[in-house]
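Heads up: the structure comes next, in structure tokens.
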Amino acid sequence: MKKVFVAGHHGMVGSAIVRQLQKQGYCQVITRSRQELNLLDQTDVFDFLSEHSFDEVYLAAAKVGGIVANNTYPAEFIFENLSIQNNIIHGAHLAGTQNLLFLGSSCIYPKLADQPMAEQALLTGTLEPTNEPYAIAKIAGIKMCESYNRQYGRNYRAVMPTNLYGQNDNFHPENSHVIPALLRRFHEAKLNGDAEVVAWGSGKPMREFLHVDDMAAASVYVMQLEQGTYEASTEKMLSHINVGTGVDCTIRELVETVAKVVGFEGEIRFDTSKPDGAPRKLMNVDRLKNLGWRYSISLEQGLNSTYRWFLENQDSFRS
């Protein structure tokens, strides 16, 4: 039976990959908490990977955060992410691990990339300034995988997800992303009997969202592709694969769907004095579709299951 290490198994994506692997049942899944293994400690990581000789490694560990965190701690974001990647990728290579999957982010693409964003847009323009250090680290992770493949014949692959949500998301009242923030806001408005909920912006920008269970399924799918199939569908130095739905919706549609899922019956008002952000952010997922995978969880289905999970776990989100 294959022995597989999932780095970052407490996070939203890592925990979903563990669930997916356990459901498929083809491997022994090994995890380590931060207390058991500090991924910033190179010696510890090298020793751990050498001791276990894993067949596969999923690199889902990262320092992540929203705009405020990225703006406040840019040094930590670039240093810690580069350190984690360097330690695991190089350590896996030294240990003789042939197969690795690196998880990145759609923020690797230029701020003004053509929509939908294709893999070929990488390194063609200036990045979004607020998360540039994080994006640079993720780009370095892609290039590190490609470099070990070129020089050492490794099978190190990279996938770039669109906006993710689902079980184990961050529902913090100030630091969460748009879907958990909206679910919590509408839930609390319903409990308080509020007459209205105010959403930022015009509601016109378009965004793409992928349920984390679909992301995990795609990750395992890409990892299991035959090497010849993977190489024929990518390029040696442009080998990463976008993962998304290829479908977007307006922020207004998202807000109205969240209100429906939560059961909020008051008014929704859009505050047009607040910024909208980029008009559209959509991933081109043709490469993944051509490899035979597409998403299965619709936005409303995913929001329903995420809200149920929130209700079951909301005691842990008290501020």
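Computed from the coordinates by the stated procedures, all read-outs in this text should not be read as laboratory data. Since this is a predicted model, take the numbers as computed values, not measurements. Positions of Cβ are generated from backbone atoms using ideal geometry, with glycine treated the same way; all protein chains shown enter the neighbour counts.
Multiplying the sequence separation of GLN22 and SER202 by 0.36 nm and subtracting their Cα-Cα distance, what value in nm do you get? Each step should come with its number before you reach the end.
Working: separation 180, 0.36 × 180 = 64.80 nm, distance 4.26 nm.
Working it through step by step, the gained length comes to 60.5 nm.
Can you return the lysines within cross-link range of LYS111? Criterion is Cα-Cα under 18 Å, with same-chain partners fewer than 8 residues away left out.
Filter leaves LYS138, LYS281.
Mind checking which of ALA216, ALA60, ALA113 has the largest fluctuation in a GNM of the chain, springs on alpha carbons under 10 Å?
ALA113
Along the Cα-to-C-beta direction of MET237, a point sits 7 Å from the Cα; which residues of the range 147-185 have their amide N less than 16 Å from that point?
Taking a point 7 Å out along Cα→Cβ of MET237, the residues of the range 147-185 whose backbone N falls under 16 Å are 147-152.
Can you list the HN-Hα couplings for the range 46-54, worked out from phi with the Karplus curve (6.51, -1.76, 1.60; θ = phi - 60°), rounded to whole Hz and with x for Gly and Pro?
4, 5, 4, 5, 5, 5, 9, 6, 5
Enter the Cα centre distance for the pair the range 28-69 and the range 167-223, rounded to the nearest angstrom.
27
With n ≥ 4 as the cut-off for DSSP H runs, can you work out [θ] at 222 nm for the chain, using -39500 (n - 2.57) per run divided by the number of residues, rounded to the nearest 500?
-13500 deg cm²/dmol
Name the most mobile residue of MET283, MET237, MET12, meaning the one with the largest mean-square fluctuation, in a Gaussian network model of the chain with Cα contacts below 10 Å.
MET237
The range 50-178: percent of C-alpha pairs farther apart than 19 Å?
Numbers: 4375 of 8256 pairs.
Beyond 19 Å sits 53 percent of the P(r) for the range 50-178.
At q = 0.16, 0.23, 0.24 Å⁻¹, what log₁₀ I(q)/I(0) does a Debye calculation on the Cα points of the range 217-317 give, no solvent, two decimals?
Computed log10 I(q)/I(0) values: -0.91, -1.22, -1.26.
Starting from the 7 Å offset along Cα-to-Cβ, what nm value, one decimal, do you get for the label separation of VAL68 and THR124?
3.5
Along the Cα→Cβ direction, 7 angstrom out, place labels at LYS143 and ASN192. What is the inter-label distance in nm?
The modelled label-to-label distance comes out at 4.7 nm.
Calculate how steeply helix 251-262 sits against the longest principal axis of the alpha-carbon atoms of the chain, using the helix alpha-carbon long axis, and give the answer as 0 to 90 degrees to the nearest 10.
It is inclined by approximately 80 degrees.
Any chance you could run the full-extension gain for LYS289 through GLN227? It's 0.36 nm times the residue separation minus the Cα-Cα distance, nm to one decimal.
20.6 nm
Working out 0.36 nm times the residue gap between GLU174 and ASP315, then minus their Cα-Cα distance, what length gain in nm do you get to one decimal?
So the extension gain works out to 49.1 nm.
Could you point to the label whose value was computed as P(r) over Cα pairs in 20 Å bins from 0, in percent for the structure here, given [x] 31, 52, 14, 3, 0; [y] 31, 58, 10, 0; [z] 33, 61, 6?
[y]
Could you run the Karplus curve 6.51 cos²θ - 1.76 cosθ + 1.60 with θ = phi - 60° over the range 90-96 and give me ³J(HN,Hα) per residue in whole Hz, x for Gly and Pro?
5, x, 4, 4, 4, 7, x
Using only Cα atoms, tell me the angle between helix 299-313 and the longest principal axis of the chain; keep it within 0 to 90° and round to the nearest 10.
It is inclined by approximately 90 degrees.
With the crude spin-label approximation of a point 7 Å out along Cα→Cβ, what separation in nm comes out for HIS10 versus ASP41?
1.5
Tilt of helix 212-224 relative to the longest C-alpha principal axis of the chain, in degrees (0 to 90, nearest 10)?
20
Rounded, prolate or oblate: which fits the range 48-103, taking a ≥ b ≥ c as square roots of the Cα gyration tensor eigenvalues, rounded meaning a/c under 1.5, else prolate when a/b beats b/c?
The shape class here is prolate.
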